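This report concerns only the one structure given below.
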Amino acid sequence: MCGIVGYIGTQTATEILLSGLEKLEYRGYDSAGIATIWEGDVNCVRAKGKLHNLRSKLEQVETHAQIGIGHTRWATHGKPEEYNAHPHMDAAMRVAVVVNGIIENYSELREELKQKGYQFRSDTDVEVIPHLIADFFKHSPASVPFSPSLFLEAVRDTVKKLRGAFAIALISADYPDELIVVRQQAPIVIGFGQGEFFCASDTPAIISYTRAVLPLDNGEIARLTPLGVEVYNFAGERLKKQPRLLNLNPMMVEKQGFKHFMLKEIYEQPGVVRACLDAYFNADWNVSDSTNSPVKLGLSADIYSDLEQIQIVACGTSWHAAIVGKYLLEQLAGIPTQVHYASEFRYAPTPLTPNTLTIGVTQSGETADTLAALAMEKERRQGKEPKYQARLLGITNRPESTLGQMIFHIINTLAGIEIGVAATKTFVAQLMAFYALALDLAYLRQSISPTRLQEIINGLRQIPGEIEATLEKQEHYIEQLAHEFAETKDFIFLGRGINYPIALEGALKLKEISYIHAEGYPAGEMKHGPIALLDAKVPVVAIATPGSVYEKVISNAQEAKARDSRLIGVTPVNDGEAAEIFNDLIPVSKVDELLSPILTVIPLQLLAYHIAARRGLDVDQPRNLAKSVTVE
Ligand code: AGP
């Protein structure tokens, strides 16, 4: 995934583009570049690595350009080198292009262009675009009837030749008052200011300048000039579109005194859980209320009726939330549920089952694998008899995303924008969505008693306060503990039952931001192989919450201790066997076992954060990663 930004107006473009790119750096940071039009030429400056490298280079360039485009890259085609950085230009250096996405048929287009004598300077798929535009100009008439601009026509002609998922922004020195923006299955929004217009892959890039935005739909091209914005479809017909006001405050995309976004986002979790409680649960419901539902997700009967099975597709942290979801849907609502990695499901789908709900979980709503798995499911069920037809539900933090446009039924996870590449608050919000869904289904199917339902909802209402207590009481201790592990090479995380996915999530958090090798295992599986890894150099974090598997986890932890591992317990129990076996004990509050994952994940997030921070790593932008992965 990459980030693109564009500006046309009356202010100096460079600073606006750079500040936009700063907000988009979470999308990729292998290289960055901007192109502006100044004194009749395109000025293009690019730098390998993070944005500060580009900033230093730009200090030597004086320009008062009022139009420009910028890009921050997560490398797909071609190494993260300056020659592969965007913007890419035609041979005459008149057209500059930035792209987020992939041009699938680039090799054939590249070959055709080479045959025509065009020379390529990069290894990217994107470079075909400026050459195709130059080729159009070479053979085009001076104008196209009924079209406001030949540049627009050149872009329209070019995008019709491209296959793939992409968002593009383009400028041309020969059309210095036009910024052209294209969307085909990769997000892009247009921003409306006072006599100035913007485009960006994501709204945080422009929120400091305007809250009036228009997200483009697939197959649309926008032409931005100092006088306004026109939107066309790929057939060239003008479309009527209305911008809308964003409910986003610029402060949400600032660190607000925290050293990193990740830490800020960890601390936002009590508020996120409160927002979900308010939105998902009926505050007035009580056990004797037989007319109202305790849950108010607003999902219609076509999702719920005659439901026999649920299948969930997701990636990474969202996949971990889905495994907690499976546990809840099966244990509370009694519905058999399967969880698939979206990237696997796409190529090995399960046989079609009747009356099946397919849930896609993706915080960004842009993960290519998840979207493709859902699209495939929709397609293969099309035209089948009613019970086999697709029922799709999306759980996302970005309802305005591609997922939101593709699926009618959405649960909005209400975590607010998450900037840190490592997901924290969006994970907890996804868990809340699964609690609400499982309880809604349990209520409708009467699979648990109203008293038990009330007990769980009451327990959920306590969670924000318990997270606050964990943060307040444990962060300092966890930070000290983390210092002792800054040089550790391997970590094992153990959990069982509903806390097994939390062990996976703890390991993923540590891997992705500290680059320490970590594995999460169901505690009972250790003895079947992984126990061979253990010795005094491999610490083991065990999640031991009272309930169905507490004693089992303690026994598994004992087995690790017998192999000299240092044992860190995440547990509400601080006496008896737990106090004896754990070398380090991170207390969490005692809650219903079913609710424990929302609490046990907090110390693991803090542990990963503090180990990475102690190692002096870039916590918010870990190497090789991007916030969401819009390529296969
Ligand atoms: C989370 O910390 C990761 N950065 C990553 O695993 C992420 O959860 C995964 O790429 C899925 O993203 P999504 O939720 O936006 O689909």
Pairs, please: C-beta under 9 Å, at least 6 apart or cross-chain, first residue assigned by TED's automatic domain parsing to the domain that holds Ala167 and in the range 386-407, second within 15 Å of the ligand (Cβ to nearest atom) and in a loop (DSSP other than H, G, I, E, B)?
none
Pair list, Cβ < 8 Å and 6+ apart or interchain, from the range 493-520 residues that are farther than 18 Å from His483 by Cα and in contact (Cβ under 8 Å) with a residue 12 or more places away in the chain to residues that are among the acidic types (Asp, Glu) and in a helix (DSSP H, G or I)
Gly497/Glu593; Ile498/Glu593; Gly520/Glu505
Restricting to the range 312-322, and then to whatever is touching a residue at least 60 places away in the same chain (Cβ under 8 Å) and under 13 Å from Ala373 (Cα atoms), can you tell me which residue is nearest to the ligand (Cβ to nearest atom)?
Cys315
How about the range 354-448: which helices (runs of 4 or more DSSP H) wholly inside it have at least 2 residues that are at pLDDT 95 or above and within 14 Å of the ligand (Cβ to nearest atom)?
368-381, 425-445
Members of the range 341-356 found to be under 20 Å from Asn397 (Cα atoms) and open to solvent by less than 30 Å² (accessible area, probe 1.4 Å), listed by number:
Ala342
Could you please let me know if Glu484 is surrounded by fewer than 23 Cβ atoms within 10 Å (Cβ to Cβ) and over 22 Å from Gly271 (Cβ atoms)?
yes
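Every residue, every condition in (1) among the aliphatic types (A, V, I, L, M); (2) at pLDDT 95 or above, yes or no:
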residue: Glu466; (1), (2): no, yes
residue: Gly495; (1), (2): no, yes
residue: Gly506; (1), (2): no, yes
residue: Lys509; (1), (2): no, yes
residue: Ile513; (1), (2): yes, yes
residue: Ile516; (1), (2): yes, yes
residue: Glu525; (1), (2): no, no
Restricting the search to the range 288-310, which residues are open to solvent by 70 Å² or more (accessible area, probe 1.4 Å), over 11 Å from His409 (Cβ atoms) and touching a strand residue (DSSP E or B) at 6+ places or on another chain (Cβ under 8 Å)?
Lys296, Glu308
Here the residues within the range 175-231 that are charged (D, E, K, R) and under 22 Å from Val629 (Cα atoms) are Arg183, Asp202, Asp217
Candidates Gln363, Gln309, Gln338, Gln331 - the one that is in contact (Cβ under 8 Å) with a residue 60 or more places away in the chain, more than 26 Å from Phe166 (Cβ to Cβ) and not basic (Lys, Arg)
Gln331
Being farther than 19 Å from Leu179 by Cβ, assigned to a loop (DSSP other than H, G, I, E, B), among the aromatic types (Phe, Trp, Tyr) and open to solvent by 30 Å² or more (accessible area, probe 1.4 Å), is that true of even one residue in the range 257-265?
yes
The residue that is nearest to Phe198 (Cα to Cα), considering only those in the range 6-59 that are assigned to a helix (DSSP H, G or I) and without any contact (Cβ under 8 Å) to a residue 12 or more places away in the chain, is Glu15
Among Thr291, Thr356, which is the only one that is more than 18 Å from Gln446 (Cα to Cα) and of a type in the set (Ser, Thr, Tyr)?
Thr356
Count of the range 126-173 residues which are in a helix (DSSP H, G or I) and open to solvent by 10 Å² or more (accessible area, probe 1.4 Å)
11
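The values are calculated or read from the model by the stated rules, or taken from the named source; none is laboratory data. Remember, it's a predicted structure, so these values are computed and weren't measured experimentally. In this analysis, Cβ positions are derived from the backbone assuming ideal geometry, glycine residues included, and neighbour counts consider all displayed protein chains. These area figures cover heavy atoms from the full protein model, side chains too; ligands, DNA and RNA do not enter into them. Shrake-Rupley method; radii C 1.70, N 1.55, O 1.52, S 1.80 Å.
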